[in-house]
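Undergrad: My questions all concern the structure below.
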Amino acid sequence: MSLSIDIVPLASSLDMYGEPYSSSAFSLSGHVSIALSSPFSVFERRRAARIILQSVMLTFDGQTEVVTSSLGYSPLRLYTLSRELLSGSVELSNEDQEETDEPCRWNVVFDLPIPGWLPASHGFNSSDAGASTQYYLRAVVKFAVVEDDRAASWSFSSLCSPFRPRTTSRSIQTRKVIPLRRFVEPPTDEPTPPAFINYLLSPPNKPSENAIPVEVLSKIQILASVPTHVDVRESHLPFTLRLRTKDLGDADCKRLQVTNFTLDVVQDEICRRATDASKYQTRYPVPSQDCQPPNKPLCHAHHMGDMYKLGMLLTSSSPASSMKCSTSLLLAEETGVYRLTGETRIFANDAEADTATWYTLETTIPFLQQFDSLDDGDWSGSSEVRPSTASPLYDVSHSLKLTVRVEYEMPDSTELAVAGLMFALPLKFGRVAPPLPPRDILPALFNSMRLVDGAYPIPSLLPFGANLPVYSQLFDSRGNRKMDDTPLPLYTPRSSDSPVDPPPSNEKQDELHATAV
């Protein structure tokens, strides 16, 4: 008797949309496949295999780990959910099919609610260091083998049958990786570019030596515009800079010059130990200490953890609580300096008009998607652009560093005062969901399509699908129902003289059956 099991999710990944909220949830559906076959023997015919299926326990486990020379090894369980899929014992047998080469299969379906606050999956860097977040499904099947005493021919095993129990309890288990991906918003039929966020920046109001007077700098207004989110697959970032003065005298307006501005896109990564993740644990329901290692081991821990436990790798005598790495995403040939051409006294006419007009500068900032990380013997950040995220042991944030160079001719002097106005604008990098395919594609063809970024159509978007849309598509973050201004099409009965004949009923049933499998 041979028994094997496999976990078959409906989708290749678990996709979540929008901001992480502890009140939201997403569905992880599929089935546990159980295959039963009779062993081949040259001495006797194959006999039917019979088992009593006692339990099918399915567990969804999320974990995050940090491995660096400075921090050592630190694991944390993010989430765990166990579900018994059987309500009682079930007898399975391949009787009348024991001679076939193909095993008999039974599918035990599951549908697990997964909380929407979980961070996306990611792995360690190329040197097997840094941070990792992974999710697994583990199935444990318990069964009892029923010995059949109706053997037609004599065999050596029949001599021992009176001394063996008729049922033998056993268990078998398997594990499958579940990639979790987060998208900034649900997919749409017609993707639109992201909106812009405007930041009104204020120059410093503290005086410094050999610099522009504070009463002059404080009258400069700077308005910077960046997109609400940046796709990690893009290579350019649009940026708009607007400048003007307010309530500044005519003489001072003519003395001011803006010669250039500098831009830099920076990715900041922070790794921390599990003992310093209390801030995140207060925001989200991370399992208690009883469910954390070493009290309850992780589903699939990193091999470096055992080396630290055995003392083969040592942490520094005063281990740091966290590590930070900052990486510029600018191309190697880019300096980030944008010089103004032509007249640089852009504020010369601001005092003449009742309302000063904005001096507008628009540009696109190229940035890298892949880059070389420093190899200094310890973790030195990732080698690619990663989505902005916050998790217990690993954070990724992005910012736009802006420096505006302003020159001022000091009155009654030939001295030129220079000030570099420096600002940091927060950016949000993330994955943008691929657009939806046309809805009139046949379900079988639609199910076989492979979308951009390796994504498959989510079950709730399949034609004739029975799954409901995700919560964030129907309600906003406050629980209010989203209003759709697009009116529904009027119902029109099918015309009897339609030029297109509907498919036969048997073909449609076969097609739907193939989609479900």
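The values are calculated or read from the model by the stated rules, or taken from the named source; none is laboratory data. These numbers were taken from a predicted model, which means no experiment stands behind them. Cβ placement follows ideal geometry from the backbone for every residue including glycine, while neighbour counts extend to all protein chains displayed.
Undergrad: Among the residues of the stretch 100-112, is any surrounded by 14 or more Cβ atoms within 10 Å (Cβ to Cβ) and within 25 Å of Asp290 (Cα to Cα)?
TA: The answer is yes; a qualifying residue exists.
Undergrad: Among the listed residues Tyr408, Tyr394, identify the single one that is touching a helix residue (DSSP H, G or I) at 6+ places or on another chain (Cβ under 9 Å), buried (at least 19 other Cβ atoms within 10 Å of the Cβ) and not acidic (Asp, Glu).
TA: Tyr408
Undergrad: Of all the strands (runs of 3 or more DSSP E) wholly in the stretch 1-87, which have at least 1 residues that are under 21 Å from the mean Cα position of the chain (by Cα), in the same structural domain as Gln97 (by TED's automatic domain parsing) and aromatic (Phe, Trp, Tyr)?
TA: Qualifying strands (runs of 3 or more DSSP E): 14-17, 25-37, 50-68, 72-84.
Undergrad: Only one of these conditions is not met by Gly30: (1) on the phi < 0 side of the Ramachandran plot; (2) surrounded by 14 or more Cβ atoms within 10 Å (Cβ to Cβ); (3) small (Gly, Ala, Ser). Which number is it?
TA: For Gly30, the exception is condition (1).
Undergrad: Regarding Ala131, is this residue in a loop (DSSP other than H, G, I, E, B) and either surrounded by fewer than 18 Cβ atoms within 10 Å (Cβ to Cβ) or among the small types (Gly, Ala, Ser) (or both)?
TA: For Ala131, the condition - in a loop (DSSP other than H, G, I, E, B) and either surrounded by fewer than 18 Cβ atoms within 10 Å (Cβ to Cβ) or among the small types (Gly, Ala, Ser) (or both) - is not met.
Undergrad: Is it the case that Asp61 is closer than 27 Å to Gly305 by Cα and not β-branched (Val, Ile, Thr)?
TA: Yes: the conditions hold for Asp61.
Undergrad: Let me ask something else about it. Only residues in the stretch 48-59 that are over 18 Å from Thr100 (Cα atoms) count as the first member; pair them with residues that are polar (S, T, N, Q) and not in a strand (DSSP E or B), Cβ under 7 angstrom, at least 6 apart or cross-chain, and list the lot.
TA: Listed pairs, sorted by first residue: Ile52/Ser89; Leu53/Ser89; Gln54/Ser89.
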